[in-house]
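Peer 1: Structure incoming, see below.
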Amino acid sequence: MRDLTEKPNLPAAALFVDCVRALFKTGLEGELLWTKIKEVMAPLLEDQGLRSAANSWPATVEAAPSVKNLLFYEDPDFGFVLNATVRKPNLLTNIHDHGDKWTLYGLITGNEIMHRYKRTDGGDPDRGPAVIKQLGSHKMAPGDIDVVPPGAIHQEQAGPAQSIAFIVREAKGGTFTQHHFKLETGEVTCNTGPGLIPRSL
């Protein structure tokens, strides 16, 4: 296995890493930074080399709550990571957030529905019971990118065929706290996010 702090071998992915690093070096932060990263991520999702590579990726989400992510790259200077998820058809994830980190979630193949929620009780983020309200849902098709801000509560629902998503996270899973929510009971569970499967790209 190659050193995952080295840039990917896939030319489009290596170029993407260079672009993201350049954006971090400008000093941009928050929404402005991640909006710019979304812009440079769009061509990567259309790259035929990435699409071809994705065909060989193993399933990482076969049943909720058992979720894993492929891990392709961890930036040695800025800490962002490149992940992917391969979701079996018709699966619905837990309602969850990504803690205090930004995430970009872009579909390569398949279709999904993203459900959005909001916690309305103003309670301790690490404790329940939580009052969760659904804000809405939107469909995603190949090439679409969902921007998930820090603390945003959401849920992914796979379509009738396998879906593959490329993910850019602000930090590697396991290094920060995320939360799962049960809509019916308000239970809040803290966790360290998906398990990681190192893989070359």
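Peer 1: Sort out for me the strands (runs of 3 or more DSSP E) sitting completely within region 46-163 that have 3 or more residues that are among the hydrophobic types (A, V, I, L, M, F, W, C) and under 24 Å from H179 (Cα atoms).
Peer 2: By residue number, 66-74, 81-87, 132-140, 145-148.
Peer 1: Looking only at region 29-53, which residues are farther than 26 Å from T109 by Cβ and in contact with a Ser or Thr (Cβ under 9 Å, 6 or more places away or on another chain)?
Peer 2: The one that is farther than 26 Å from T109 by Cβ and in contact with a Ser or Thr (Cβ under 9 Å, 6 or more places away or on another chain): L33.
Peer 1: Let me ask you something else. Among the residues of region 15-48, count how many are touching a Leu at 6+ places or on another chain (Cβ under 6 Å) and basic (K, R).
Peer 2: Here the count works out to 2.
Peer 1: Shifting gears a bit: Looking at (1) in contact (Cβ under 8 Å) with a residue 60 or more places away in the chain; (2) surrounded by 19 or more Cβ atoms within 10 Å (Cβ to Cβ); (3) closer than 30 Å to V20 by Cα, which is the one condition that is false for T177?
Peer 2: Of the numbered conditions (1) in contact (Cβ under 8 Å) with a residue 60 or more places away in the chain; (2) surrounded by 19 or more Cβ atoms within 10 Å (Cβ to Cβ); (3) closer than 30 Å to V20 by Cα, the odd one out for T177 is (2).
Peer 1: I've got another one for you. Considering each residue of region 181-201, count those that are closer than 16 Å to T103 by Cβ and surrounded by fewer than 18 Cβ atoms within 10 Å (Cβ to Cβ), and give that number.
Peer 2: Selection size over region 181-201: 2.
Peer 1: Select, from A22, A14, A42, the only residue that is part of a helix (DSSP H, G or I) and more than 21 Å from W102 (Cβ to Cβ).
Peer 2: A14
Peer 1: Which residue out of L82, L104 is surrounded by 19 or more Cβ atoms within 10 Å (Cβ to Cβ), touching a Lys or Arg at 6+ places or on another chain (Cβ under 6 Å), closer than 14 Å to F16 by Cβ and at pLDDT 95 or above?
Peer 2: From the options L82, L104, the qualifying one is L104.
Peer 1: Run L196 past the list (1) assigned to a strand (DSSP E or B); (2) over 16 Å from T93 (Cα atoms); (3) touching a Ser or Thr at 6+ places or on another chain (Cβ under 9 Å); (4) in contact (Cβ under 8 Å) with a residue 60 or more places away in the chain and report the number of the one that doesn't hold.
Peer 2: Condition (3) is where L196 drops out.
Peer 1: State whether the residues of region 122-143 include one that is in contact (Cβ under 8 Å) with a residue 60 or more places away in the chain, hydrophobic (A, V, I, L, M, F, W, C), on the phi < 0 side of the Ramachandran plot and out of contact with any helix residue (DSSP H, G or I) (no Cβ under 9 Å at 6 or more places or on another chain).
Peer 2: Among the residues of region 122-143, not one is in contact (Cβ under 8 Å) with a residue 60 or more places away in the chain, hydrophobic (A, V, I, L, M, F, W, C), on the phi < 0 side of the Ramachandran plot and out of contact with any helix residue (DSSP H, G or I) (no Cβ under 9 Å at 6 or more places or on another chain), which makes the answer no.
The values are calculated or read from the model by the stated rules, or taken from the named source; none is laboratory data. All figures in this text were calculated on a predicted structure; none of them were measured in a lab. Counting neighbours? That spans all protein chains shown, and the Cβs are built from the backbone with ideal geometry, glycine included.
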